[in-house]
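In what follows, a single structure is set out as structure tokens and then discussed.
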Amino acid sequence: MNTNPERPINYREEQTRLFLKKHMKKLIIFAIAFIALVILLNEMFFVVGEAEQALVSRFGVIKRLVINSHNDFHTRYDEHLKDELTLSGDVKIAIGSGLQIKVPFIDKVEKYPARLFTYTSDSEVVNTAEKKQYYITTFAQWSITDPALFSLKLGSMTSAENQLDNIIHPVIVQSVNRMLADDFISNKDVLNTYLAQGLETINRDMCLRGIEVKDIQIHRTILPPANLESTYARMQADRAKVAQQLRSEGQESYLKVVSSSDLEARRIEAEAVSQSGLIRGEADAKALEIYADTYSVDKDFYAYWRSLQALEASFDQSSTLVLDQNHPLWKDLLSALNSYSD
């Protein structure tokens, strides 16, 4: 019934109002059930990212670990972890990221990053084997590889940093103490060998706390003022030794190249002389053959021509020659002229 005659009845709104009034309890129950279902699903499932790992506990007791597929920590350190919680059989280790399931409202999930962290120490004085001092700063790359052991034995990043500081720096200091100054400064192979040995020592201790140190290095080396001059002098001597060796090797290579070139030049020259002699001999033989053929054609003319050549070679234009008619040259010339005049 319309109580307000000035306002017309909206039948659609009236039907909606009556429907809500009639089904309000059902809608409220449905909304509550939907919200409860969402909460239940949220409590039942959780997601572990690619760069995360998770720890699932029930009433304070660790039940499950979720680690990524690249984490082979428990396989590589099984000998050291055989008496620890995670390899006792009471804790299930799940491998893989993504959607995971848990008991709603009972299981508690704690997530830990799976990425690398960087540790950097304070600058400290160290002594080499011959008691030479250096100020060094060390750094390390480490990660949480067992969240259960990390949670039980360390609990926080601050505690982890303190524990690393108590272990890493002393190990590096002991490694430097066994090295000679020359090896520490300039021989990276020797330094890396000692650091690798120190890394094994560190991980034997840190793996029991759920941490693995991936790498340790000397971050920075500073010479005390008392050692600067001697160290610089030693470095200069080392560089001079290397430079002299390079010069010697270069001189040796140069002499080898020069000797090889000289030998090749002499070989080429000898072959050229031999070939030129062969060609000259063949030419002389050919010339003699031509001379012989010519001489055999007209012996008198050949004798006459040779006499003319002899006269031409013996005198210049201003010379005067007086010969007796019986002189061999004159006699041959007269004989040749007479023979041709006839």
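The values are calculated or read from the model by the stated rules, or taken from the named source; none is laboratory data. Bear in mind the structure is a predicted one, so any value in this text is a computation, not a measurement. Glycine also receives a Cβ, built like all others from the backbone with ideal geometry; neighbour counts cover every protein chain displayed.
Results for (1) under 14 Å from Val109 (Cβ atoms); (2) at pLDDT 85 or above, shown as yes or no for each residue.
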| site | (1), (2) |
| --- | --- |
| Lys25 | no, no |
| Ile39 | no, no |
| Asn42 | yes, no |
| Val47 | yes, yes |
| Val56 | yes, yes |
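How many residues are hydrophobic (A, V, I, L, M, F, W, C), within 32 Å of the chain's Cα centre (by Cα) and under 21 Å from Asn203 (Cβ atoms) if we restrict to the stretch 39-94?
Qualifying residue count for the region: 2.
Only one of Ser156, Ser121, Ser151 is loosely packed, with under 14 Cβ neighbours inside 10 Å, assigned by TED's automatic domain parsing to the domain that holds Arg209 and either under 30 Å from the mean Cα position of the chain (by Cα) or of a type outside the set (Asp, Glu) (or both); which?
Numbers: Ser121 fails: loosely packed, with under 14 Cβ neighbours inside 10 Å; Ser151 fails: loosely packed, with under 14 Cβ neighbours inside 10 Å.
Sole residue among the options that is loosely packed, with under 14 Cβ neighbours inside 10 Å, assigned by TED's automatic domain parsing to the domain that holds Arg209 and either under 30 Å from the mean Cα position of the chain (by Cα) or of a type outside the set (Asp, Glu) (or both): Ser156.
When the stretch 98-126 is examined, which residues are found to be closer than 26 Å to Lys214 by Cβ, part of a strand (DSSP E or B) and in contact with a helix residue (DSSP H, G or I) (Cβ under 9 Å, 6 or more places away or on another chain)?
At the first step, the residues of the stretch 98-126 found to be closer than 26 Å to Lys214 by Cβ are 98, 110-124, 126.
Now narrow it down to the ones that are part of a strand (DSSP E or B): 98, 110-113, 117-120, 124, 126.
Those that are closer than 26 Å to Lys214 by Cβ, part of a strand (DSSP E or B) and in contact with a helix residue (DSSP H, G or I) (Cβ under 9 Å, 6 or more places away or on another chain): Glu110, Lys111, Tyr112, Phe117, Tyr119, Glu124, Val126.
Is it the case that the stretch 74-86 has a residue that's in a loop (DSSP other than H, G, I, E, B), outside the structural domain of Arg209 (by TED's automatic domain parsing) and touching a residue at least 40 places away in the same chain (Cβ under 8 Å)?
Scanning the stretch 74-86, I find at least one residue that is in a loop (DSSP other than H, G, I, E, B), outside the structural domain of Arg209 (by TED's automatic domain parsing) and touching a residue at least 40 places away in the same chain (Cβ under 8 Å), so the answer is yes.
Might you let me know whether the stretch 101-117 holds any residue that is under 24 Å from Tyr194 (Cα atoms) and at pLDDT 90 or above?
yes
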